[in-house]
Amino acid sequence: DMKNAVIGNNKQKANLIVLGAVPRLLYLLQQETSSTELRTECAVVLGSLAMGTENNVKSLLDCHIIPALLQGLLSPDLKFIEACLRCLRTIFISPVTPEDLLYTDATVISHLMALLSRSRYTQEYICQIFSHCCKGPDHQTILFNHGAVQNIAHLLVSTSYKVRMQALKCFSVLAFENPQVSMTLVNVSVDGELLPQIFVKMLQRDKPIEMQLTSAKCLTSMCRAGAIRTDDSCIVLKTLPCLVRMCSKERLLEERVEGAETLAYLIETDVELQRIASITDHLIVMLADYFKYPSSVSAITDIKRLDHDLKHAHELRQAAFKLYASLGANDEDIRKKIIETENMMDRIVNGLSESSIKVRLAAVRCLHSLSRSVQQLRTSFQDHAVWKPLMKVLQNAPNEILVVASSTLCNLLLEFSPSKEPILESGAIELLCSLTQSENLALRVNGIWALMNMAFQAEQKIKSDILRGLSTEQLFQLLSDSDVNVLMKTLGLLRNLLSTRPHIDHIMSTHGKQIMQAVTLILEGEHNIEVKEQTLCILANIADGTTAKELIMTNDDILQKIKYYMSHSNAKLQLAAMFCISNLIWNEEEGSQERQDKLRDMGIVDILHKLSQSSDPNLCDKAKTALQQYLA
């Protein structure tokens with residue numbers, strides 16, 4: 001009677017729960033003395049209650065329904081097992097159920113694997129439970145180690161569509177961003193046919209959309225993991241065109257979102273796939289529809305659908321931004337096509353200020369991708385003053401948005417970008433200096449990188465502002481950062497700050513002592529060749545100053561280091577050290593005689609003679625030029 005009362009009636013379900021039916025049903029379900037029919041009926045009623053609202057599921061979870069049902073799976077009776085699995089399935093697909101409840105007892109997974117052979121219902125429900133509870137690499141590894149691949153593979157050729165579909169979904173979540181699973185799948189065969197071939201068959205146009213999409217996701221994961229080559233025909237001729245088809249406006253909103261996101265992932269790192277996708281079915285123009293009407297005209301007859309789609313229209317926008325970002329990642333012509341799509345820049349600018357964080361992140365990604373184009377930085381980015389909303393996004397955004405937004409800012413600050421001036425006026429230096437203090441490595445790198453771009457061929461005031469904003473303590477902090485990227489970008493910043501004579505002299509007059517200290521620190525430390533080379537180039541710049549030279553000439557420690565690197569085993573370092581010497585001994589400059597004498601007494605001329613015999617033409621030339629300064 002209870003079962004008939006609650007089927008399809010949420011009000012009755014809630015009433016029964018309030019009246020305390022759940023603990024009683026669970027008690028009867030667990031009683032050894034209850035008949036199997038009674039226990040099965042209890043599981044069916046509980047399953048029906050779980051079909052209701054999320055609050056119903058929470059009430060069931062609070063009564064510890066999951067351990068009771070898992071216990072029920074040990075029964076010998078198949079009908080009872082199926083009823084327990086159906087109820088577990090319904091509970092696990094609810095967003096309020098924590099997936100980890102499936103993994104608390106290690107024996108559960110192996111028991112479920114064993115039950116896979118019992119009936120098509122156990123197969124359908126168990127695969128559905130697995131695909132909903134497999135979130136992230138830890139879960140993938142547990143299922144993989146319990147033989148999920150071998151146990152589920154043969155279900156792909158089951159006579160039941162539901163079983164085939166749930167098995168396929170299992171593989172799509174198992175293989176996602178998982179090289180171990182992907183590499184295994186390539187070599188598994190069922191009835192003499194390899195899995196990739198089975199997936200390709202499931203991609204065909206006559207198959208249900210859900211099946212086409214899910215098998216495309218499996219092949220995409222395998223391709224991204226390197227298990228299938230990007231130029232394999234199953235990717236180029238099957239998977240990619242299938243995903244493009246999913247983006248057409250005939251498809252439902254969910255299908256268009258999933259199609260675009262999967263395609264964005266498939267082509268993200270491969271230029272050739274980006275080019276192919278960009279000319280398949282007018283994809284770039286087709287994506288413009290993602291910003292217009294959430295539903296296809298044919299579907300509007302269904303009012304419920306229209307209401308649903310309007311609520312989820314932002315998902316379409318973020319999927320389109322993601323796919324545009326992947327399409328434009330490398331190719332200049334594709335970027336141009338994207339930007340020329342109707343109102344594209346306006347759409348991105350609007351996306352940057354949307355309330356949905358997913359849309360904001362995707363819009364920033366799209367902007368970042370397009371900002372790699374020199375031509376677009378000079379034209380479209382300027383016409384739409386993109387830097388304004390970008391600077392706004394950079395104020396108190398979460399880290400994942402900050403990383404992409406600050407990368408974009410790095411590009412907008414390149415010297416040929418007209419946005420550089422207004423960005424400076426809007427307080428960028430302060431913002432970037434604060435990023436260099438972030439705990440997050442990517443943010444530190446981007447902050448210092450953007451400052452490095454900003455300082456390139458900049459006027460003296462900007463350089464002084466950067467030094468003031470960073471503070472000497474912070475500069476030392478960055479120079480002793482454990483990450484070599486941060487260190488290289490910081491040295492790059494110093495090198496850009498110390499260019500053109502008046503600037504070199506000005507900065508060294510205010511910060512000379514600290515900068516020389518930093519240089520000494522790095523030349524003495526355990527650093528790679530690139531780091532030391534960059535540091536010697538900074539010294540060469542200092543040696544090019546008029547008054548700044550003296551900071552080197554009066555520092556015997558640094559002079560000895562330059563001498564040491566002139567005889568180093570690495571030619572790059574020798575060359576960089578020679579630049580320092582050349583700048584110090586150059587004839588036309590005041591005091592060059594005294595400098596030449598001091599360096600001669602140190603034995604520098606002897607080294608120059610030796611280097612002028614070098615087999616390396618660069619070193620040989622440089623040494624000869626330097627020696628001429630002594631003769632002139």
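Annotations for the structure displayed:
- Among the residues of the range 32-48, those identified as over 22 Å from Phe92 (Cβ atoms) and either of a type in the set (Lys, Arg) or assigned to a loop (DSSP other than H, G, I, E, B) (or both) are Glu32, Thr33, Ser34, Ser35.
- The test for being under 42 Å from the mean Cα position of the chain (by Cα) and surrounded by 13 or more Cβ atoms within 10 Å (Cβ to Cβ) does not hold for Ala626.
- Which numbered condition Ala329 misses (of (1) buried (at least 20 other Cβ atoms within 10 Å of the Cβ); (2) assigned to a helix (DSSP H, G or I); (3) in contact (Cβ under 8 Å) with a residue 40 or more places away in the chain): (2)
- The number of residues in the range 226-279 being touching a Pro at 6+ places or on another chain (Cβ under 7 Å), among the β-branched types (Val, Ile, Thr) and either open to solvent by 40 Å² or more (accessible area, probe 1.4 Å) or at pLDDT below 95 (or both) comes to 0.
Table: residues versus (1) out of contact with any Lys or Arg (no Cβ under 8 Å at 6 or more places or on another chain); (2) touching a residue at least 40 places away in the same chain (Cβ under 8 Å); (3) closer than 22 Å to Tyr125 by Cβ.
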| site | (1), (2), (3) |
| --- | --- |
| Lys11 | yes, no, no |
| Val18 | yes, no, no |
| Ile81 | no, yes, yes |
| Cys84 | yes, yes, yes |
| Pro98 | yes, no, yes |
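- Restricted to the range 88-153, the set of helices (runs of 4 or more DSSP H) holding at least 3 residues that are modelled with pLDDT of 95 or more and polar (S, T, N, Q) comprises 120-133, 137-145.
- The set of residues from the range 429-443 being within 17 Å of Met391 (Cα to Cα) and either touching a helix residue (DSSP H, G or I) at 6+ places or on another chain (Cβ under 7 Å) or modelled with pLDDT under 80 (or both) comprises Ile429, Glu430, Leu431, Leu432, Cys433, Leu435, Thr436, Leu443.
- Residue in the range 45-56 that is in contact with a helix residue (DSSP H, G or I) (Cβ under 7 Å, 6 or more places away or on another chain), surrounded by fewer than 20 Cβ atoms within 10 Å (Cβ to Cβ) and modelled with pLDDT of 95 or more present: no
- Checked against (1) out of contact with any Pro (no Cβ under 9 Å at 6 or more places or on another chain); (2) open to solvent by less than 70 Å² (accessible area, probe 1.4 Å); (3) on the phi < 0 side of the Ramachandran plot, Arg118 meets all criteria but (2).
- Subset of the range 1-22 that is assigned to a helix (DSSP H, G or I), of a type outside the set (A, V, I, L, M) and surrounded by 10 or more Cβ atoms within 10 Å (Cβ to Cβ) - its residue that is nearest to the chain's Cα centre (by Cα): Asn10
- Among the residues making up the range 196-216, those that are within 17 Å of Ala260 (Cα to Cα), open to solvent by less than 60 Å² (accessible area, probe 1.4 Å) and assigned to a helix (DSSP H, G or I) are Ile209, Met211, Gln212, Leu213, Thr214, Ser215, Ala216.
- Residues satisfying the stated conditions in the range 496-510, i.e. in a helix (DSSP H, G or I) and surrounded by fewer than 20 Cβ atoms within 10 Å (Cβ to Cβ): Arg501, Pro502, Asp505, His506, Ser509, Thr510
The values are calculated or read from the model by the stated rules, or taken from the named source; none is laboratory data. Note that the structure is predicted; figures quoted are calculated from it, not measured. With ideal geometry, Cβ positions are generated from the backbone for all residues, glycine too; neighbour counts draw on all protein chains shown. Heads up: the accessible areas ignore ligands, DNA and RNA and are worked out on the full protein's heavy atoms, side chains in. Shrake-Rupley method; radii C 1.70, N 1.55, O 1.52, S 1.80 Å.
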